[in-house]
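Take a look at the structure below.
Quick note: the coordinates plus some simple rules give every number you see, no bench work behind them. All of these numbers come straight from a predicted model, not from anything done at the bench. Counting neighbours? That spans all protein chains shown, and the Cβs are built from the backbone with ideal geometry, glycine included.
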Amino acid sequence: MAKGVYTRTEKVRANMRIVNKLPSRLRIIMSEEQKEKISKSKKGKFPTPETRLKLSIAKLGNTNNPRLPRSLETRKKISNSLKGEKAPNWKDGISPLNKIIRGSLEHKIWRESVFKRDNYACIWCGTKSGNGKAVILNADHVKPFAHYPELRFAIDNGRTLCISCHKKTDSYAGKGKKEDTTSMEEKLEALNKLNKEAIKII
Ligand SMILES: [Zn+2]
């Protein structure tokens with residue numbers, strides 16, 4: 001490829017990196033024209049980050065065959081037919097996506113920040129660990145986690161509660177929770193945002 005004549009797009013370079021990693025016996029010797037033709041024909045076939053996220057979501061919960069992700073349409077149909085308590089894995093109203101968010105680094109940081117602000121004590125009854133007593137504290141969302149995705153990591157929306165006080169809240173363990181009406185687009189947006197934030201932190 002003559003310098004200054006062709007502009008190698010990132011896609012072409014990515015292709016080249018893949019080809020260069022192949023053992024030499026498997027490398028097909030192609031002319032520059034052939035390579036260019038192939039890379040043009042493959043243009044736009046690389047999944048965008050959004051497509052990859054959609055695929056990851058589509059794969060969630062597909063335990064039948066993880067190698068064959070279901071299409072988004074199929075996932076939507078299945079999710080509509082299995083909404084709420086009809087879902088076989090329904091537990092405390094926590095969807096697989098919410099499980100991921102709750103297990104995320106950002107959620108851990110949010111939780112720790114809420115505890116710290118509240119001096120590691122239940123804000124309702126004041127109980128805390130110390131003097132040989134261990135108290136398990138929960139970081140609770142004032143505005144429920146399921147219905148306010150934009151406030152999931154807002155420190156102001158968190159409060160430290162001991163388990164017995166937490167049980168008195170309306171949202172404890174999905175109590176009184178309506179079915180998750182978050183659309184796939186909103187979930188994608190949340191996941192995208194989460195990824196961006198996680199990258200910032202790392
Ligand atoms: Zn308490």
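See the values below:
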| read-out | value |
| --- | --- |
| Karplus-derived 3J(HN,Hα), 6.51/-1.76/1.60, for each residue of the range 152-162, Hz, glycine and proline x | 4, 10, 7, 4, 4, 8, x, 8, 8, 10, 7 |
| Computed label-point distance, nm, for sites residue 112 and residue 163 using a 7 Å Cα→Cβ extension | 2.4 |
| Contour excess over end-to-end distance, with Cα ends at residue 9 and residue 134 and 0.36 nm allotted per residue | 39.2 nm |
| Potential lengthening between residue 32 and residue 148 on full extension [0.36 nm per residue; Cα-Cα distance subtracted] | 36.4 nm |
| Residue-wise HN-Hα coupling along the range 133-144, computed from phi with Karplus coefficients 6.51, -1.76, 1.60 (Hz; x: Gly, Pro) | 9, 10, 10, 8, 10, 10, 9, 9, 8, 4, 8, x |
| Neighbour-count order for 110, 124, fewest beta carbons within 10 angstrom listed first | 124, 110 |
| Approximate spin-label separation residue 189-residue 100, in nm, with each point projected 7 Å along Cα-to-Cβ | 1.7 |
